[in-house]
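One structure below.
The values are calculated or read from the model by the stated rules, or taken from the named source; none is laboratory data. As the structure is a prediction and not an experimental result, all values here were calculated from the model. Quick reminder, even Gly has a Cβ in these numbers, built from the backbone with ideal geometry, and neighbours come from all protein chains shown.
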Amino acid sequence: MNLFIYIILIIAFIYANVHKSKRFLHMLQQNLYNENNRYLKWLFKNGKVFLSLDLLIILIAVIGYIFIVDYELLSILLLVVMALICLLIGYNWNKTIMNDQNKKKLVVTARIKRLIFTISILYIIPIILMALNIDNSKLCWLMFIIESVMLYLNPIVIFIAMLINTPVEKLIYLKFKIQAQSKVKKMSNLKIIGITGSYGKTSCKNILSDILNIKYNALPTPRNLNTFNGLLMTINNHLDKFTDIFIAEMGAYVRGEIGRLCKLVKPKYGILTRIGTAHLESFGSQENIQKGKFELIESLPSDGFGVLNGDDPLQVSYELKNKIKILWIGIDNEDVDVRATNIKYSNKGTTFDVIFKGDEKKYHFETKLLGNHNVYNILSAIACGKEFGIDTEDLIAAVKTVKPVEHRLELKKINNFYMIDDAYNSNPVGAENACKILGMMPGTKIVVTPGMIELGDKEEEYNKTFGTQIAEVADYVVLIGEKRTKPIKEGLLEKDFDKDKIIVFNDVRDAYPFIGEIAKDEEVYALFENDLPDTFNEK
């Protein structure tokens, strides 16, 4: 076998595998390293990833092995063609990665580095066997077949590498778990607040942190590290002797996960945001979601307290299995401990009055944040702050300084128009609230959205309803992805929305120049509602 062609083909294989592996390592990480079989389910749903040029390489390798290994010129020609296809595969995957509008990039953690090492070993074995038997054309072609199949099955190879690494990961996990539990146990004066809900957890956490920091040194879990491993990382890497309050955001996809997180951090205080339909597919039912979220409140000790939303029927109707002090917050429900009234929105933010149970006085609050859900989050923080001994005047001052949460009804000026960035929202209640806020703005109103996902068998129904809500407030609608936004379009047309003002793009980036043209002559407010997760592919 020609050594030069051999080396070129090996380099081409490596190039293709590196770029393809980047994509699927990212998906493995986004799917929490296959927790609850999420990665395998994602692969099953997106089976089209296996319809690729890789199949052609396998075919060529099989032809080379069976028919023409003894014809050197034809063998060289096939090897060159395989190398070119490998380079094209690598180029296409690299281009896909570069063009992806990912919310979260692949984070090259120590675990990812260990996976890369194991994956590399798996791919190097056939290459070493070829190198040791370079004069055995039959064996080399067999190794090319194996290498081609492994390139084609790259997502599975990555999964196998993860399984190989599992014993090591379990030992590392056990070490970090013991370290985190020991650290928390030693900090006897640390106040620990757990936050969960179907949506609004990250916003609530950040708002609570900003407000409590007026008096205390509060540490929230960074970004959206709300899994077991995320909490371990936060405790081991960020919690220190200067921390007064630890705010632990807790996420879940199935029942039992919140309870498991509570056993790790042992919160004394808990906040439920809203209970809705997020992750309905993985929970299986609305009842499972409700019970799963209340695992936080039911884990709290009797000398702690929980903050619940008096406007959420799924919280009001729930029968707690433990005796714990409950602080109710609300807007519509008058029989709560902390209530907001006289809510007003503008391009500067939100103003509202707060009434405390047993106090006839109204206290005026101002915030840069938009949306009723943020008012609820602020009320939860106010309730906690009062319990922790913060004066009302200090709470008023703290609320003024709360920073907008990125991509969650974040109002900002983009070129010549105002953008209401709600890209990280993907639930019916939040979407309806966002539409109401847009409706209160002056000028021309535009909604840009790909719709909502992970809503189970009600997904089409919720998106159609979303379309009817958009029709009430928008002057133009920009839909991202024709197929998946079809229910939204149906809802718009049901409300007799002008079909000439419904624009469909495949890429959200195309919406910016479109909006910019309208904004040349008018004041424009554009709501960007939801951005599909990195793991989503439209079939």
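Listing for the model above:
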{"quantity": "Any chance T277 is touching a Leu at 6+ places or on another chain (Cβ under 7 Å), buried (at least 20 other Cβ atoms within 10 Å of the Cβ) and touching a residue at least 40 places away in the same chain (Cβ under 8 Å)", "calculated": "yes"}
{"quantity": "Filtered residue count, the stretch 107-136, keeping only those that are more than 36 Å from the chain's Cα centre (by Cα) and over 15 Å from V157 (Cα atoms)", "calculated": "10"}
{"quantity": "Subset of the stretch 207-230 [surrounded by fewer than 23 Cβ atoms within 10 Å (Cβ to Cβ) and part of a helix (DSSP H, G or I)]", "calculated": "S209, D210, F228, N229, G230"}
{"quantity": "Residue in the stretch 375-389 that is assigned by TED's automatic domain parsing to the domain that holds R274, surrounded by 22 or more Cβ atoms within 10 Å (Cβ to Cβ), aliphatic (A, V, I, L, M) and out of contact with any strand residue (DSSP E or B) (no Cβ under 6 Å at 6 or more places or on another chain) present", "calculated": "yes"}
{"quantity": "Residue list for the stretch 106-116, restricted to those being in a helix (DSSP H, G or I) and either surrounded by fewer than 15 Cβ atoms within 10 Å (Cβ to Cβ) or not β-branched (V, I, T) (or both)", "calculated": "A110, R111, K113, R114, L115"}
{"quantity": "Residue that is farthest from G385 (Cα to Cα) [pool: residues in the stretch 317-333 that are out of contact with any Ser or Thr (no Cβ under 9 Å at 6 or more places or on another chain) and part of a strand (DSSP E or B)]", "calculated": "G330"}
{"quantity": "Extreme residue, surrounded by the most Cβ atoms within 10 Å (Cβ to Cβ), among residues of the stretch 148-182 that are farther than 30 Å from L87 by Cα and β-branched (V, I, T)", "calculated": "I172"}
{"quantity": "Candidates I145, I119 - the one that is surrounded by 15 or more Cβ atoms within 10 Å (Cβ to Cβ), assigned by TED's automatic domain parsing to the domain that holds Y39, β-branched (V, I, T) and at pLDDT 95 or above", "calculated": "I119"}
{"quantity": "Cβ-Cβ under 9 Å pairs, at least 6 apart or on other chains, the stretch 162-176 side within 17 Å of L232 (Cβ to Cβ), far side in a helix (DSSP H, G or I) and of a type in the set (A, V, I, L, M)", "calculated": "E169/M162; I172/A110; Y173/L232; F176/L232; F176/M233; F176/I235"}
{"quantity": "Residues located in the stretch 5-46, provided they are within 18 Å of V107 (Cα to Cα) and of a type in the set (F, W, Y)", "calculated": "F24, Y33, Y39"}
{"quantity": "Conditions (1) touching a Ser or Thr at 6+ places or on another chain (Cβ under 9 Å); (2) surrounded by 15 or more Cβ atoms within 10 Å (Cβ to Cβ); (3) farther than 30 Å from T96 by Cα: number failed by A471", "calculated": "(1)"}
{"quantity": "Qualifying helices (runs of 4 or more DSSP H) (wholly inside the stretch 1-101; at least 2 residues being touching a Gly at 6+ places or on another chain (Cβ under 7 Å))", "calculated": "3-30, 72-99"}
{"quantity": "Some residue of the stretch 35-52 being surrounded by fewer than 19 Cβ atoms within 10 Å (Cβ to Cβ), in the same structural domain as V108 (by TED's automatic domain parsing), more than 30 Å from N133 (Cβ to Cβ) and at pLDDT 90 or above", "calculated": "yes"}
{"quantity": "Residues located in the stretch 320-356, provided they are exposed (fewer than 12 other Cβ atoms within 10 Å of the Cβ), out of contact with any Asp or Glu (no Cβ under 8 Å at 6 or more places or on another chain) and more than 24 Å from I192 (Cα to Cα)", "calculated": "E334, D335, K344, K348"}
{"quantity": "Selection within the stretch 437-453 - out of contact with any Ser or Thr (no Cβ under 7 Å at 6 or more places or on another chain) and in contact (Cβ under 8 Å) with a residue 60 or more places away in the chain", "calculated": "I437, L438, M440, M441, P442, G443, T444, K445, I446, V447, V448, T449"}
{"quantity": "R484 outside the structural domain of F283 (by TED's automatic domain parsing), charged (D, E, K, R) and buried (at least 18 other Cβ atoms within 10 Å of the Cβ)", "calculated": "yes"}
{"quantity": "Among (1) modelled with pLDDT of 95 or more; (2) of a type in the set (S, T, Y); (3) touching a Ser or Thr at 6+ places or on another chain (Cβ under 8 Å), the one test that T350 misses", "calculated": "(1)"}
{"quantity": "Within the stretch 470-504, tally of residues that are on the phi > 0 side of the Ramachandran plot and touching a residue at least 40 places away in the same chain (Cβ under 8 Å)", "calculated": "1"}
{"quantity": "Filter pass, A131 being at pLDDT 95 or above, under 30 Å from L78 (Cβ atoms) and in a helix (DSSP H, G or I)", "calculated": "no"}
{"quantity": "Criterion: crowded, with 21+ Cβ neighbours inside 10 Å, within 21 Å of Y199 (Cα to Cα), within 28 Å of the chain's Cα centre (by Cα) and of a type in the set (G, A, S) - qualifying residue of G284, G292", "calculated": "G292"}
{"quantity": "Residues being touching a helix residue (DSSP H, G or I) at 6+ places or on another chain (Cβ under 8 Å) and without any contact (Cβ under 8 Å) to a residue 60 or more places away in the chain - total across the stretch 334-365", "calculated": "12"}
{"quantity": "Matching residues, the stretch 231-250, being part of a loop (DSSP other than H, G, I, E, B) and without any contact (Cβ under 8 Å) to a residue 24 or more places away in the chain", "calculated": "D240"}
{"quantity": "Verdict on M441 being under 20 Å from N416 (Cα atoms) and surrounded by 20 or more Cβ atoms within 10 Å (Cβ to Cβ)", "calculated": "yes"}
{"quantity": "Looking only at the stretch 306-326, and only at residues there that are more than 29 Å from the chain's Cα centre (by Cα) and not polar (S, T, N, Q), the one that is farthest from K357 (Cα to Cα)", "calculated": "K321"}
